[in-house]
Amino acid sequence: MNDKQPIERNKRNWTWGVVLMIAILATGIAITWWITQWTDRQMRMDLLQQARLVQQSVTIMQIQALTGTETDLSSPVYLKLKTQLANARHANRKCRFIYLMGRRADGAVFFFADSEPIGSKYESPAGQVYEEVSEGYIKVFQTKIEAAEGPVTDRWGKWVSALVPLIDPLTGELIAVLGMDIDAGTWTWN
């Protein structure tokens with residue numbers, strides 16, 4: 001009987017040790033998950049703030065002067081917008097693309113202008129339809145509420161995107177949506 005007591009005590013100690021290790025591991029996983037979620041929310045808010053700053057440099061009159069078609073390609077307003085967007089992109093080394101999108105009456109989302117040099121293989125020229133548009137992008141057009149979407153994959157890569165609507169203050173009409181993309185791999189690493 002005396003021989004069984006130390007064995008039972010050792011089993012009890014071992015069981016409590018395992019329970020304690022599992023509790024510590026579970027707590028660590030929960031804290032890591034919470035920190036990751038909190039950091040992602042903060043980064044999305046920061047990305048939206050950066051996109052809002054760029055959006056403020058674009059006027060409603062500039063967008064209204066465009067047709068959203070290939071005829072804009074030689075327009076001075078279009079060329080100025082491309083320069084503005086390119087300058088904003090170069091100011092943020094993590095940003096890969098900045099662009100202005102519109103939506104046609106048939107629901108097709110298209111590009112007004114982007115930050116890529118003219119002729120670049122990554123350029124989205126005026127009027128190009130955005131075939132891979134996600135539901136999150138559509139929701140911004142429908143609700144007129146900014147959002148940070150992603151990761152979303154399209155022909156250019158995998159992105160986390162800030163989407164900020166440009167609304168005519170006189171009519172309340174959504175004129176365009178400004179998008180700012182960060183590579184999803186860079187996003188995750190950060």
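The values are calculated or read from the model by the stated rules, or taken from the named source; none is laboratory data. Keep in mind it's a predicted model, so treat the numbers as computed, not measured. Note that each Cβ is placed from the backbone with ideal geometry, even for glycine, and that neighbours are counted across all protein chains shown. Note: accessible area is taken over every heavy atom of the protein model, side chains too, but ligands, DNA and RNA are not part of it. Shrake-Rupley method; radii C 1.70, N 1.55, O 1.52, S 1.80 Å.
Along its principal axes, the chain has C-alpha extents of 96, 34, 27 angstrom, given from the largest down.
With the convex hull drawn around the C-alpha atoms of region 136-190, the volume per residue stands at 72 Å³. In summary, the lysines within cross-link reach of LYS94, defined as a Cα separation below 27 angstrom excluding same-chain residues under 8 places away, comprise LYS80, LYS82, LYS121, LYS139, LYS144, LYS158.
Hey, any idea what % of the chain's accessible area is carbon plus sulfur with a 1.4 Å probe? On the chain, the fraction of accessible area on carbon and sulfur atoms equals 60 percent. Can you tally the net charge around ILE182? Count Lys and Arg as +1, Asp and Glu as -1, for every other residue whose Cβ sits under 9 Å from the Cβ of ILE182. Net of charged neighbours comes to 0.
Could you state the number of Å between the C-alpha centres of region 13-39 and region 124-190? The distance from the Cα centre of region 124-190 to that of region 13-39 comes to 37 Å.
For region 95-190, what is the per residue volume of the convex hull drawn over the alpha-carbon atoms, in cubic angstrom?
On the way: hull volume 9.7 nm³, N = 96.
Taking only Cα atoms, region 95-190 has a hull volume of 101 Å³ per residue.
A dipole drawn for the chain from +1 and -1 charges on Cβ atoms has a positive end, and of ALA86, GLN50, ALA30 the residue lying farthest that way is ALA30.
Go through region 85-132 and name the GluC sites (Glu not before Pro) that are in a DSSP coil and have 13 or fewer other Cβ atoms within 10 Å of their Cβ. Write out the running numbers ahead of the final one.
Working: sites: GLU123, GLU131, GLU132; in loops: GLU123, GLU131, GLU132.
Counting only loop positions with at most 13 other Cβ atoms within 10 Å, the GluC sites (Glu not before Pro) in region 85-132 are GLU131, GLU132.
About its Cα centre, the dipole of the chain is roughly 820 debye, where the only charges are +1 on Lys and Arg Cβ and -1 on Asp and Glu Cβ.
Translational D (Stokes-Einstein, µm²/s) of region 13-94 at 37 °C and 0.692 mPa s when Rh comes from the Kirkwood sum over C-alpha pairs? D, rounded to a whole number, is 192 µm²/s.
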